[in-house]
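A.B. asks: First the structure, which I've put down as structure tokens, then a few questions once you've had a look.
No lab work stands behind these numbers, since they all come straight from the coordinates. Quick caveat: nothing in here was measured; it's all calculated off a predicted structure. Reconstructed Cβ throughout: ideal geometry from the backbone, glycine too, with neighbour counts over all protein chains shown.
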Amino acid sequence: MTIQWFPGHMAKAKREVTEKLKLIDIVFELVDARIPMSSRNPLIDEIVANKPRIMLLNKADMADPDVTKQWIDFFAAQQIEAIAIDSQSGTGVKQIVTVAKEKLRPKFEKMMAKGIKRPRAMRALIVGIPNVGKSTLINRLAGKHIAKTGDTPGVTKAQQWIKVGKELELLDTPGILWPKFEDEEVGLKLATTGAIKDTILNLQDVAVYALRFLAAHYPDRLKERYALSDIPEDIVVLFDEIGKRRGCLAAGGVVDYDKVSELVLRDIRTEKLGRLSFDRL
Ligand code: G4P
């Protein structure tokens, strides 16, 4: 899903999330584990303000596990508890309730001290930019397929709570916020991982960025995937080498750079180059 974010849409999305925050105890901030910084909303700290929050590094199955560990430590140093999860398979998802309970213990203990014998379930809202996996996680937590994928901001309907066991209730519609696209590199990372559509940025620019990144951080995987004995310095030569080996050719046998770009990006997104992390510490 691609949402065109204009200032009016951003203000409305912020308003909608702010309204929902009034109903909940805790925020689950969902980001893409491959780009935990680039897939955050730039105003998230301001928007979520004083609500307890857990950060969920989703799609951890696609991210470089060593880098994910570093990010978890990085966020921990900022007092932000982060958990690596895979909403598709469910790995790590059970931990969310445990950590949420721990975070909300002081609040619920206060309620009990005031004489409320049986505290109600914790209420949570999932927030994140489009395509980070919000609907997949809601479905996973709910244990059945109830949340529509492709929810659009601005579509109002009655709020409903989804029960997750006895201890947690989730708002059925997630909070959808915009990414930081004012930073060019962030945009390229969002495009490389498929968070934004290829038509938003120039396809070849995205592939140039992705290939340069792979050459710098994952040279062996790049060589292995495209049977390169070494990685040419000149990016055009690299495109040519990949194109010739993979038959990405236009009429007359010349290398078709769009085809090479599509191939490389598809390979990255389908993990043909293994688990990759594009935000690095
Ligand atoms: P959103 O509500 O935040 O917009 O995201 P959504 O759940 O629609 O998920 C976006 C894409 O990411 C979906 O793939 C979904 O399957 C995939 N996804 C979500 N969580 C995970 C995860 O933890 N690991 C992996 N590997 N993928 C995840 P899609 O290609 O758009 O659809 P489909 O392949 O499910 O048909």
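A.B. asks: Peptides 18-28, 223-233, 90-100: what's the order by average Cβ count within 10 Å, highest mean first?
C.D. replies: For the peptides 18-28, 223-233, 90-100, the packing ranking is 18-28, 90-100, 223-233.
A.B. asks: Would you compute, for the Cα atoms of the range 13-146, the largest minus smallest coordinate along each principal axis and list the three values in descending order, in whole Å?
C.D. replies: Computed over the range 13-146, the largest-to-smallest principal extents equal 48, 33, 30 Å.
A.B. asks: In addition: Under the rule of at least 5 residues apart or a separate chain, name every residue whose amide H is placed under 5 Å from the amide H of Val164.
C.D. replies: Residues meeting the criterion, in which the H sits 1.01 Å from N, are Glu169, Leu170.
A.B. asks: Which whole-Hz ³J(HN,Hα) couplings does the range 224-236 yield from phi under the Karplus relation 6.51 cos²θ - 1.76 cosθ + 1.60, θ = phi - 60°, glycine and proline marked x?
C.D. replies: 5, 4, 10, 6, 9, 6, 8, 9, x, 5, 6, 4, 5
A.B. asks: Further question: Would you mind classifying the range 194-281 by shape? Square roots of the alpha carbon gyration tensor eigenvalues, ordered a ≥ b ≥ c; an a/c under 1.5 is rounded, otherwise it is prolate if a/b is larger than b/c and oblate if not.
C.D. replies: Since a/c reaches 1.5 but b/c is at least a/b, the shape of the range 194-281 is classed as oblate.
A.B. asks: List, in order, the whole-Hz ³J(HN,Hα) value for each residue of the range 45-53 obtained from phi through the Karplus relation with A = 6.51, B = -1.76, C = 1.60 and θ = phi - 60°; use x for Gly and Pro.
C.D. replies: 5, 5, 5, 6, 6, 9, 6, x, 9
A.B. asks: Show me 31-38, 162-169 ranked by packing, highest mean number of other Cβ atoms within 10 Å first.
C.D. replies: 31-38, 162-169
A.B. asks: Which residues' amide hydrogens lie under 5 Å from the amide hydrogen of Leu56, considering only partners 5 or more residues apart or on another chain, with H built in the peptide plane?
C.D. replies: Glu29, Leu30, Val31, Ile83
A.B. asks: Return a whole-number percent for the relative contact order of the chain, with Cα pairs under 8 Å and 6 or more residues apart as the contact set.
C.D. replies: After rounding, I find 22 percent.
A.B. asks: List the relative contact order of the range 202-270 as a percent without decimals, with contacts defined as Cα pairs under 8 Å and 6+ residues apart.
C.D. replies: About 33 percent, as a whole number.
A.B. asks: Also, I was wondering about something else. Could you check the simple spin-label distance between Arg266 and Leu249, using points 7 Å along Cα→Cβ, in nm with one decimal?
C.D. replies: Once both label points are built, they end up 1.8 nm from each other.
A.B. asks: Let me know the whole percent of all Cα-Cα pairs from the chain that are separated by more than 36 Å. Kindly include the intermediate steps, with their values, before the conclusion.
C.D. replies: Working: 8897 of 39340 pairs.
Result: 23 percent of Cα pairs exceed 36 Å.
A.B. asks: With each label point set 7 Å from Cα along the Cα-Cβ vector, what nm distance links Lys94 and Ala227?
C.D. replies: 4.5 nm
A.B. asks: Sort the following peptides by mean Cβ neighbour count (other Cβ atoms within 10 Å, averaged over residues), highest first: 197-205, 247-255, 175-183, 214-222.
C.D. replies: The packing order, highest mean first, is 175-183, 214-222, 197-205, 247-255.
A.B. asks: Here's something else I'd like to know. For the chain, give the share of DSSP beta bridges that are antiparallel, in percent and rounded to the nearest 5; count only bridges with both residues there.
C.D. replies: Around 25 percent of the beta bridges assigned by DSSP in the chain are antiparallel ones.
A.B. asks: Among DSSP bridges having both ends in the range 1-124, what percentage is antiparallel? Round to the nearest 5.
C.D. replies: Once the DSSP bridges in the range 1-124 are tallied, antiparallel ones form about 10 percent.
A.B. asks: For the chain, what is the calculated [θ] at 222 nm in deg cm²/dmol (nearest 500), taking -39500 (n - 2.57) for each run of four or more DSSP H residues and dividing by its residue count?
C.D. replies: Numbers: 10 runs with 118 residues, N = 281.
When only DSSP H runs of four or more count, the value is -13000 deg cm²/dmol.
A.B. asks: Further, regarding this structure: For the range 24-117, what is the relative contact order in percent, using Cα pairs closer than 8 Å and at least 6 residues apart in sequence?
C.D. replies: Averaging sequence separation for qualifying contacts and normalising by length gives 27 percent for the range 24-117.
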